[in-house]
Amino acid sequence: MIKVSYMDRLKIADILPQQINLNQIDDSSGPYSMSYGFNPGPLAASISRIGLINSPILAREGKGGAEDEFVVVSGFRRIRVLKKLNWTKAPCRVLPEATSSLKCLLLNLYENLPVRNFNAVEMGMALTRLAELLPKEEVVKDFMPLFDLPSHEETLHLFMRIETALETQAKDLVARGSLSLQAAKLLLEMDSAARQKICRYFSTIKFNKNQQAQFIDFVNDLSHIEDNPISGLLDEPDLTEIRHNERMNSPQKARALIKLLRARRLPHLVKTEKRFRHMVENLALPAGCQITPLPILKAPIISLKSFLKREKT
Amino acid sequence: MADFHIKRAIMEEGSEKNPMTRRIMGKLSHAPSDVSEASFKFQKPLDSKVGGNMGKDTLHLLSYKGEFLKPCPGTKEYICCDYQILNVATNCPLDCSYCILQSYFLNQPYLRIHVNLEENMARILATIDRDPQQIIRVGTGEFADSLALDPLTHWTDVLMRPFSKRKNAVLEFKTKTAQIEGLLASPYRDRIIVSWSLNSPLISTKEEKGAATLKQRLEAARRCQQEGFVVSFHFDPLIPHKGWREGYLKTIDLMDRYLDPGGIIWISMGSLRFMPDLKPIIRKRHPETSILDGEFITGLDGKARYFKPIRMELYGFMRQNLEQWHSDLGLYLCMESDEVWRKSMGWSPEKSRGLKRFLDDRVVKIFG
């Protein structure tokens, strides 16, 4: 349980909203922001139709003058949308100057937690900001369960690295759910150039989770074996031709790329599989009979299936 | 003590009065410059901040709460030799790129010495004595190198006498070092096997950091043979690499130069295999390694292992050349299938039971 003392003196409802010039509000991803990759459309439609329901919460950056800047504590999405809708002023609650960074951060966290899901990048943002202000052990024990994450330091480290180490393209993929956490973890072990090159493939071709992991593994291995940087490998004509092939749909491209890389990574295995298929074809088995090797020819056993159909009378 | 730099020792509360702890701390405090920085701390819980070396410069002295003697964790899908592991320590000061301990003990870093071994000896020996007809092959080299830390721990002192007095057990010290002083100082020889892990010169040099050179290992083995010890060898992991045939032949030539093959109780062979979680650890800790370049498939036990024809080629080649050197070396395969046994060794023990019988017969043949 989170200690009550963090929040017990903040009575937000008692702070009356005041009109703030939107150009005085810094809407870049600030110290309390935990929003990433959101679709502004529905919120813009809602505000256009019925106006702003909840006032954003701000912290003052200056000394209390008219020219002060404000940083968003809660309502980051609302401020962005209001600016897009060309509002010039909006009613906002401004926190007392003595409000600590931790209180600001927790206020935003607890306002958001019950009303929306966090994507993996947003979890990373929240946990990174918490870890800057609280002991790591406390973040692991008290806060990770709030996101349904296991209380492991290793998991905390992964989410923090998603926020701090991944490039925008990879983060966008993670936020959209188009890059699995397993793949993100593998990518984080690579250098930035390699990561960006791989993400270029993942952003244009839809690989499933397993294919993503396989693709990264094959590319990484081949780069080591052939002493060829990943960026060079992925620019080779064989691969780029598949990527740009207009006659293939996305799943076909993913399968073709995996097949190509696998044949290059496991040449003996792929040749043996081919030989096996050829051998079975030459047996000219009767219709309904099928011979399949056990997965990846690792056992000496084959399975023989015979499908007997009863003739219709 | 060789090249292992122990910079720190952590004693678990209560273990400081243990004779082995006192012995180790005594050695460290009087050691020359390589251990002069040692700061002996009493701390609990264990400090989790370890660097990329997995805490290999820190000794963690603790009382082991589990069973000291346990069967080797083989899997039922492959033929296993039914070995018993005497768990005297976990982790190793050597840093072989392929070592499975990197993932086994990822969350238990440091060189962990089980200092309550002596007080558990009676229990260990009672287990061995329970069935005098049953031969028990015991080793200390599965979760640690058997001899690397012997100058500090004196495992040889503790273990050789009781094992040499038992007719139904053998104790195998498995190592990649040349730390044989403890062995040689002991008057006991019976039922003791000194064993070295061998590889090609290239793999030994590139992938077995901190280990003795092949020549040093074989010189130590020769010395042990001269001093009346039975020896054994393990070509595990065999790794196909550029020029592997010539490389492994060179090692066999060196064996021929240094050893009397008649005094070898067994030579095991196994190919590189690992659980998938080890791969990223190897990539991270040993970025220059080439051991992951081979063609791996996922085996029946979930481990990555070389595609079968590659494994059979490795074993077949080794068998042919080792048998050319000497026809009775007690060659066996570690964790392989009946089919691979037949195709590469020309026979198969069929089941784990059969392999146990084969190795037990070797014990009787060599030790009587």
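The values are calculated or read from the model by the stated rules, or taken from the named source; none is laboratory data. Note that the structure is a prediction, hence the values are computed from the model and not measured. Positions of Cβ are backbone-derived with ideal geometry, glycine not excepted, and every protein chain shown enters the neighbour counts. Surface accessibility is based on the protein's heavy atoms, side chains included, excluding ligands, DNA and RNA. Shrake-Rupley method; radii C 1.70, N 1.55, O 1.52, S 1.80 Å.
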I want to confirm something. Restricting to region B:336-368 and keeping residues that are of a type in the set (Val, Ile, Thr) and under 12 Å from B:Arg137 (Cα atoms), which single residue is least open to solvent (accessible area, probe 1.4 Å)? B:Val363
Look through region B:95-130, keep the residues that are among the hydroxyl-bearing types (Ser, Thr, Tyr) and in a helix (DSSP H, G or I), and return whichever of them is least open to solvent (accessible area, probe 1.4 Å). B:Ser103
Cross-chain or 6+ apart pairs with Cβ under 9 Å, region A:186-199 first and away from chain B (no Cβ under 14 Å), then among the β-branched types (Val, Ile, Thr): A:Ala193/A:Ile230; A:Arg195/A:Ile230; A:Lys197/A:Val219; A:Lys197/A:Ile230; A:Ile198/A:Ile216; A:Ile198/A:Val219; A:Ile198/A:Ile230
Lone unmet requirement of (1) part of a helix (DSSP H, G or I); (2) open to solvent by 60 Å² or more (accessible area, probe 1.4 Å); (3) over 21 Å from B:Thr289 (Cα atoms) for A:Ile198: (2)
Can you give me the number of residues within region A:201-216 that are of a type outside the set (Val, Ile, Thr) and surrounded by fewer than 18 Cβ atoms within 10 Å (Cβ to Cβ)? 6
Matching residues in region A:72-87 (out of contact with any Pro (no Cβ under 7 Å at 6 or more places or on another chain) and either outside any helix (DSSP H, G or I) or aliphatic (A, V, I, L, M) (or both)) number 5
Going residue by residue through region B:39-51, is there one that turns out to be at pLDDT 95 or above, outside any strand (DSSP E or B) and away from chain A (no Cβ under 14 Å)? no
Scanning region A:161-185 for residues that are of a type in the set (Gly, Ala, Ser) and in contact with a Phe, Trp or Tyr (Cβ under 8 Å, 6 or more places away or on another chain), the one farthest from the other protein chains (Cβ to nearest Cβ) turns out to be A:Ala175
Only one of A:Arg255, A:Arg275 that is open to solvent by 50 Å² or more (accessible area, probe 1.4 Å) and modelled with pLDDT under 95: A:Arg275
Has region B:312-322 got at least one residue that is within 11 Å of chain A (Cβ to nearest Cβ) and among the charged types (D, E, K, R)? yes
Filter region B:297-345 for residues that are in contact (Cβ under 8 Å) with a residue 24 or more places away in the chain and assigned to a strand (DSSP E or B); the one that is nearest to B:Leu278 (Cα to Cα) is B:Ala304
For B:Lys76, all conditions in the list (1) over 25 Å from B:Ile6 (Cα atoms); (2) outside any loop (DSSP other than H, G, I, E, B) hold save one; what is the number of the exception? (2)
Would you check if B:Gln133 is open to solvent by 10 Å² or more (accessible area, probe 1.4 Å), within 19 Å of B:Leu111 (Cα to Cα) and in contact (Cβ under 8 Å) with a residue 12 or more places away in the chain? no
Return yes or no: is B:Asp190 closer than 23 Å to B:Leu331 by Cα and surrounded by fewer than 18 Cβ atoms within 10 Å (Cβ to Cβ)? yes
Kindly indicate whether B:Leu292 is more than 14 Å from chain A (Cβ to nearest Cβ) and surrounded by 20 or more Cβ atoms within 10 Å (Cβ to Cβ). no
Positions within region B:254-289 being open to solvent by 10 Å² or more (accessible area, probe 1.4 Å) and in contact with a His (Cβ under 6 Å, 6 or more places away or on another chain), in sequence order: B:Pro261
Mind checking whether some residue in region B:143-155 is buried (at least 21 other Cβ atoms within 10 Å of the Cβ), of a type in the set (S, T, N, Q) and assigned to a helix (DSSP H, G or I)? yes
Starting from region A:251-271, keep only residues that are more than 14 Å from chain B (Cβ to nearest Cβ), then list their pairs with residues that are open to solvent by less than 50 Å² (accessible area, probe 1.4 Å) and not in a helix (DSSP H, G or I) whose Cβ atoms are within a distance under 7 Å, requiring at least 6 positions of separation or different chains. A:Lys253/A:Ile205; A:Lys253/A:Asn245; A:Ala254/A:Ile205; A:Ala254/A:Phe207
Going through region B:193-211 in order, the residues found to be open to solvent by 10 Å² or more (accessible area, probe 1.4 Å), among the hydrophobic types (A, V, I, L, M, F, W, C) and in contact (Cβ under 8 Å) with a residue 60 or more places away in the chain are B:Ala211
Being within 11 Å of chain B (Cβ to nearest Cβ) and open to solvent by 50 Å² or more (accessible area, probe 1.4 Å) narrows it down to one of A:Asp227, A:Asp235, so name that one. A:Asp227
